[in-house]
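The block underneath contains the structure these notes are about, expressed in structure tokens.
The values are calculated or read from the model by the stated rules, or taken from the named source; none is laboratory data. Because the structure is predicted, anything quoted here is derived from the model rather than measured. Neighbour counts run over all protein chains shown; Cβ positions are idealised from the backbone, glycine included.
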Amino acid sequence: MIRKAALGTALPTANPTGFCAAPGWLSEQEPAGSFPDAVAYHLPVFPAEIADWMAAGPDKFIIDGTLGGGGHSELFLKAGAKVLGIDRDPEALAHAHARLAEYGNRFSTWEGNFSRLQEIPEIQQGGRADGLLLDLGVSSRQLDSAVRGFSFMREGPLDMRMGPSSPYTASQIINEWSEVDLARIIFEFGEEPKSRRIAAAIVRQRAIKRFDTTLELAAFIESVIGRHGRTHPATRTFQAVRMAVNEELESLATALSSVSSILKPGGRLLIITFHSLEDRMVKRFLRHRSAPFIDDPGWPEPRPNPDYQFQLLARKAILPTAEETSLNPRARSAKLRVARLLDPKP
Ligand SMILES: C[S@@+](CC[C@H](N)C(=O)[O-])C[C@H]1O[C@@H](n2cnc3c(N)ncnc32)[C@H](O)[C@@H]1O
């Protein structure tokens, strides 16, 4: 679902894809104004590094593919750039609209999945961006909002959708998916070694009573695998279900396949990941696309890489400083990768 709204106008309710938001999607959230500043809503990670590497300035057009609380977008706006903020979450868009209103028509938003970058009207009209930022995962606001159902610490419905375009709810996955599929996502996305035990127990239990709430599911997982150490035993399962609900890896893979067609030559690509599977996907993509030649033991010599398109601006992932992780514990698992699109081949 894609909706564009110019700053200062009410968010339109037209829905070109026909997907229906859950009734009350926005009204069930706390009002956008209840988190007046970006820090209370979501403290952006790598603020200094993002500002430096994006090199935003007047005459630059930056796409923030994960607008959230608008903290990163604000850095680009302060540098004088024009910014398009994308998010799947209407509540995030409403919040950012209100908070960044002072930047007038240099800031606009577009509701939808960043996997659909090519559908952005500016891009369809032939425009290209000087930079794209993807800061993956959920915002602190989403996590902390009990009604969104992301947290195993707060009582809420089993929802976990980042926005109404997410294809399933957590309840559908937990109460309806097969044991094999549940075990697969809990193992793959949650990297949970006890995935099969958890999946089998969920399937046995739901035959007696459906799971309705976050705390009910969290307590059940704890009863199945016990508590060892400080991490809550439901952490990995909740992460896995969230990633499945929002098709997070699929969205990233699709977005990566189209970034070279939405950036200008020299345009910057900045991606922040919090999960090893996401980081591996980004690393492999950039490693392949930044290699002028590819080789194979069966070939007499290396061959030019037809996919050579990017220059890595930092060879390795950039990690947060100790100072940042002490200020913002969420940054602990963050990795930033940066690259620039090369000029087209002659
Ligand atoms: C980590 S937060 C971004 C925080 C933001 N950089 C800031 O400074 O506040 C991620 C945001 O991206 C959104 N998001 C995640 N995946 C998305 C996708 N595939 N398409 C569109 N938005 C997405 C989430 O709804 C969330 O609001």
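Since Glu111 meets every condition but one in (1) over 30 Å from Ile318 (Cβ atoms); (2) not assigned by TED's automatic domain parsing to the domain that holds Val224, which condition does it not meet? For Glu111, the failing item is (1). Screening Gly80 on (1) more than 19 Å from the chain's Cα centre (by Cα); (2) at pLDDT 95 or above; (3) assigned to a helix (DSSP H, G or I) shows it passes everything except condition (3). Of all the numbered requirements in (1) under 27 Å from Met160 (Cα atoms); (2) outside any strand (DSSP E or B); (3) touching a residue at least 60 places away in the same chain (Cβ under 8 Å), Ile271 misses one, and that requirement is (2).
Only one residue in Asp144, Asp135, Asp89 is without any contact (Cβ under 8 Å) to a residue 24 or more places away in the chain, closer than 23 Å to Ala170 by Cβ and not basic (Lys, Arg), so which one is that? Quick ask: steps written out before the conclusion?
On the way: Asp135 fails: without any contact (Cβ under 8 Å) to a residue 24 or more places away in the chain; Asp89 fails: without any contact (Cβ under 8 Å) to a residue 24 or more places away in the chain.
Just a single option satisfies the conditions, and that option is Asp144.
Residues that are in a helix (DSSP H, G or I) and in contact (Cβ under 8 Å) with a residue 12 or more places away in the chain are absent from region 150-166.
No other residue among Gln124, Gln118, Gln142 is among the polar types (S, T, N, Q) and near the ligand (Cβ under 10 Å from one of its atoms) apart from Gln142. Cβ separations smaller than 6 Å between residues 6+ apart or across chains give the following pairs from region 247-263 residues that are touching a residue at least 40 places away in the same chain (Cβ under 8 Å) and under 17 Å from Asp279 (Cβ atoms) to residues that are near the ligand (Cβ under 10 Å from one of its atoms) and aromatic (Phe, Trp, Tyr): Ala255/Phe114. Condition test on Gln172, is it more than 16 Å from the ligand (Cβ to nearest atom) and either assigned to a helix (DSSP H, G or I) or surrounded by fewer than 19 Cβ atoms within 10 Å (Cβ to Cβ) (or both)? Taking the combined requirement at face value, the residue satisfies it.
When you check Arg204 against the structure, is it in a helix (DSSP H, G or I) and either surrounded by 15 or more Cβ atoms within 10 Å (Cβ to Cβ) or at pLDDT 95 or above (or both), yes or no? Steps first, please.
On the way: in a helix (DSSP H, G or I): yes; either surrounded by 15 or more Cβ atoms within 10 Å (Cβ to Cβ) or at pLDDT 95 or above (or both): yes.
The answer is yes for Arg204.
Of the set (1) away from the ligand (no atom under 16 Å from the Cβ); (2) of a type outside the set (Asp, Glu); (3) outside any strand (DSSP E or B); (4) not assigned by TED's automatic domain parsing to the domain that holds Ile174, all apply to Leu252 but (1).
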